[in-house]
Amino acid sequence: MDGNGPRAQRARRSRAEQRELHERTVRASLRMFAEGGYEALSMRKLAVEVGVPAMSLYRYFPTKAHLVRHIWADLLLRAHREALSALQAAKSASARLAAYLGSWMQYWLDNREHYWVVFAIRDSGRDWVDASGDDAPRPDPWRVLGTLAELVDGCAAERAGSPAHPHVVEALFCKTLGFLTGVIGMASLAKTDVDGLKQSMVAEMVEQVVSDRGVLQLENGGA
């Protein structure tokens, strides 16, 4: 059968076409999450939504776990890029740290459904765990942690102090997640002055970083 027959293979997608397909897939997946959570996300339904054959989608995302990991990476990158853009107007090291933390948290406050997709999804099926038998995959915010490490080191250099204590970066990250979970997930905080609370949290975290005593308090949970 010649190349014009019904079995002719489709030309391989260009990189631009692959990126466009990935973007459409993420957008459609987020709509499905918003409508029914993880259980509503079906690869076959998603293929119909995106407008490609199911086998084409499986070529890029062999399992639902692969798809969710891609969505996680995409959303984390969006939040990271928004936080990076806030650094342009900040001059001092402490101001840069404050700008990044504030903008990072604001992204999730502005896109609350994205927060639940990344940080609140749970194991919901056998396809969630890789065939290798490894534990269920988890979001990997390595860009965020790497940038926080650079900003924390900048604060230490600015005050001519010793390098940041171990785990201070992870402590900062966990504090932001605690704030977001409390504000986004608890009805009792629905009417709170969220912006004022966020600014207070950021100021407290930065103050704890720029002083040696404060860093120790941060690592000990603020005690």
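The values are calculated or read from the model by the stated rules, or taken from the named source; none is laboratory data. The structure displayed is predicted, hence computed values, not measured ones. Cβ placement follows ideal geometry from the backbone for every residue including glycine, while neighbour counts extend to all protein chains displayed. Just the protein is used for accessible areas: all its heavy atoms, side chains included, with ligands, DNA and RNA removed. Shrake-Rupley method; radii C 1.70, N 1.55, O 1.52, S 1.80 Å.
Taking the stretch 114-165, which residues are assigned to a loop (DSSP other than H, G, I, E, B), at pLDDT 65 or above, of a type in the set (D, E, K, R) and surrounded by 12 or more Cβ atoms within 10 Å (Cβ to Cβ)? Across the stretch 114-165, the qualifying residues are 140, 159. Would you mind stating whether residue 19 is basic (Lys, Arg), open to solvent by 60 Å² or more (accessible area, probe 1.4 Å) and without any contact (Cβ under 8 Å) to a residue 12 or more places away in the chain? Criteria met by residue 19.
Of all the numbered requirements in (1) modelled with pLDDT of 70 or more; (2) open to solvent by less than 80 Å² (accessible area, probe 1.4 Å); (3) not in a loop (DSSP other than H, G, I, E, B), residue 218 misses one, and that requirement is (1). The residues of the stretch 28-61 that are open to solvent by 20 Å² or more (accessible area, probe 1.4 Å), among the small types (Gly, Ala, Ser) and more than 17 Å from residue 75 (Cα to Cα), listed by number, are 36, 40, 42, 51, 54. Within the stretch 62-75, the set of residues being part of a helix (DSSP H, G or I) and either of a type outside the set (Lys, Arg) or open to solvent by 60 Å² or more (accessible area, probe 1.4 Å) (or both) comprises 65, 66, 67, 68, 69, 70, 71, 72, 73, 74, 75. A search for C-beta distances below 6 Å between a residue of the stretch 97-113 that is touching a residue at least 40 places away in the same chain (Cβ under 8 Å) and any residue that is β-branched (Val, Ile, Thr), counting only pairs 6+ apart in sequence or on different chains, returns 97/206; 98/202; 98/206; 101/202; 102/202; 105/176; 112/184.
Sub-7 Å Cβ pairs linking a first residue in the stretch 48-71 that is over 19 Å from residue 117 (Cα atoms) to a second residue that is open to solvent by 70 Å² or more (accessible area, probe 1.4 Å), at least 6 apart or interchain, are 54/44, ordered by first then second residue.
For first residues located in the stretch 24-42 and part of a helix (DSSP H, G or I), partners that are surrounded by fewer than 15 Cβ atoms within 10 Å (Cβ to Cβ) and polar (S, T, N, Q) and lie 6+ apart or on another chain with Cβ distances below 9 Å form the pairs 32/42; 38/124; 39/124.
A quick yes/no check of all residues on (1) under 26 Å from residue 147 (Cβ atoms); (2) at pLDDT below 90:
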site	(1), (2)
6	no, yes
13	no, yes
22	yes, yes
65	no, yes
72	yes, no
